[in-house]
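The structure appears below as structure tokens.
The values are calculated or read from the model by the stated rules, or taken from the named source; none is laboratory data. Model, not experiment: these values are computed from the prediction. Every residue, glycine as well, gets a Cβ built from its backbone with ideal geometry; the counts of neighbours run over all protein chains shown.
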Amino acid sequence: MILLLVLTGCSFLRGQDDASQTLEGFYPTADSISEFPDASHELAVICQKKIEGRYVTFIGRKNENKIFMAAVTLKPIKDVNNEISRIVNFDGPRPNPGKITTWGYVFDRNNDGKIDYMALVGGAGAFEDRKMPPDYPRRGDRLSNAEMQYFIAHCKLIFNHWADDNFDGTLDAGVMAEGDSVRDFVQRRIVVRSTRFNKKFDDVWGFQGSLTPTTEHLIVKYSPTRVPYFSAGRGKSEITAATFEEKTAILQLLNRAAAACRATEKISKPEN
């Protein structure tokens with residue numbers, strides 16, 4: 001099985017407002033880039049390194065030297081444009097993330113040459129909105145043509161976001177997609193943070209739609225070590241310190257590879 005991470009680097013100028021570099025401040029930018037990728041340009045491999053039995057491949061646009069994507073695989077990537085899909089795919093009416101099932105965008109928010117924010121794909125699915133009929137069928141029920149069209153029209157890639165907000169190489173904040181417990185839809189997103197950077201959760205809440213200063217914070221039941229939630233596509237699950245440690249290992253692998261490739265200065269700022 002091939003494991004892949006796709007990442008975009010985003011460098012911010014030093015001295016910028018610190019609030020824009022926190023999870024909440026940067027999430028709208030990362031969410032916009034992942035939701036509306038520029039898939040019109042052909043991709044090309046810029047550098048590839050084998051580290052701990054995995055190939056880390058840094059990718060940019062063809063005929064350009066700036067890196068805005070990367071891949072981690074058990075085998076070398078041979079056809080990056082065929083293996084990476086930045087938009088949702090379908091098996092009949094069912095959405096899927098394409099040939100590679102794990103990838104994401106990654107950013108350098110403080111311009112220190114290290115990745116400190118990742119938006120990783122967690123699958124593909126339909127997202128609820130305010131226009132969703134209250135009597136929409138439950139999971140397993142038969143859908144009418146109109147209900148199936150609604151489902152397909154609301155399908156997109158599912159991203160979970162991970163941030164190192166004190167820039168010490170360890171993730172301490174995240175935004176996870178939570179599925180509807182009775183329907184095959186993503187219902188909301190959950191913010192999980194350790195604001196004291198001690199692996200204890202002390203800022204946990206949910207939201208629907210876009211994240212802005214006026215977005216309503218929805219209540220999420222949690223403890224300092226455990227956040228139960230309904231994982232989109234996986235059912236009942238929980239977020240723990242181990243969840244963050246697993247993603248931190250990915251972050252550190254990517255940063256090691258970027259240093260080995262001497263590619264840290266090439267991680268590009270997203271275009272407006």
Query raised in the report: residue 33 fails exactly one of the following numbered conditions: (1) surrounded by fewer than 16 Cβ atoms within 10 Å (Cβ to Cβ); (2) more than 17 Å from residue 254 (Cα to Cα); (3) of a type in the set (A, V, I, L, M). What is the number of that condition?
Result: (1)
Query raised in the report: Which one is surrounded by the fewest Cβ atoms within 10 Å (Cβ to Cβ) among residues in the stretch 206-227 that are modelled with pLDDT of 95 or more and within 19 Å of residue 158 (Cβ to Cβ)?
Result: 218
Query raised in the report: Within the stretch 238-250, is even one residue at pLDDT 90 or above, surrounded by 13 or more Cβ atoms within 10 Å (Cβ to Cβ) and over 19 Å from the mean Cα position of the chain (by Cα)?
Result: no
Query raised in the report: Which of the residues belonging to the stretch 100-156 are of a type in the set (Ser, Thr, Tyr), buried (at least 16 other Cβ atoms within 10 Å of the Cβ) and not in a strand (DSSP E or B)?
Result: 102, 136, 150
Query raised in the report: Going through the stretch 55-99 one residue at a time, which ones are assigned to a strand (DSSP E or B) and among the acidic types (Asp, Glu)?
Result: 91
Query raised in the report: Does residue 166 fit the bill of being within 30 Å of residue 195 (Cα to Cα), of a type in the set (S, T, N, Q), without any contact (Cβ under 8 Å) to a residue 40 or more places away in the chain and surrounded by fewer than 18 Cβ atoms within 10 Å (Cβ to Cβ)?
Result: yes
Query raised in the report: If you scan the stretch 72-102, which residues turn out to be farther than 26 Å from residue 186 by Cα and either in contact (Cβ under 8 Å) with a residue 24 or more places away in the chain or touching a Pro at 6+ places or on another chain (Cβ under 8 Å) (or both)?
Result: 72, 73, 74, 75, 76, 77, 80, 81
Report task. For residues that are in contact with a Lys or Arg (Cβ under 7 Å, 6 or more places away or on another chain) and more than 20 Å from residue 114 (Cα to Cα), scanning just the stretch 169-195, find the one that is surrounded by the fewest Cβ atoms within 10 Å (Cβ to Cβ). Result -> 182
Report task. Look at residue 256 and say whether it is among the charged types (D, E, K, R), crowded, with 20+ Cβ neighbours inside 10 Å and either within 19 Å of the chain's Cα centre (by Cα) or outside any loop (DSSP other than H, G, I, E, B) (or both). Result -> no
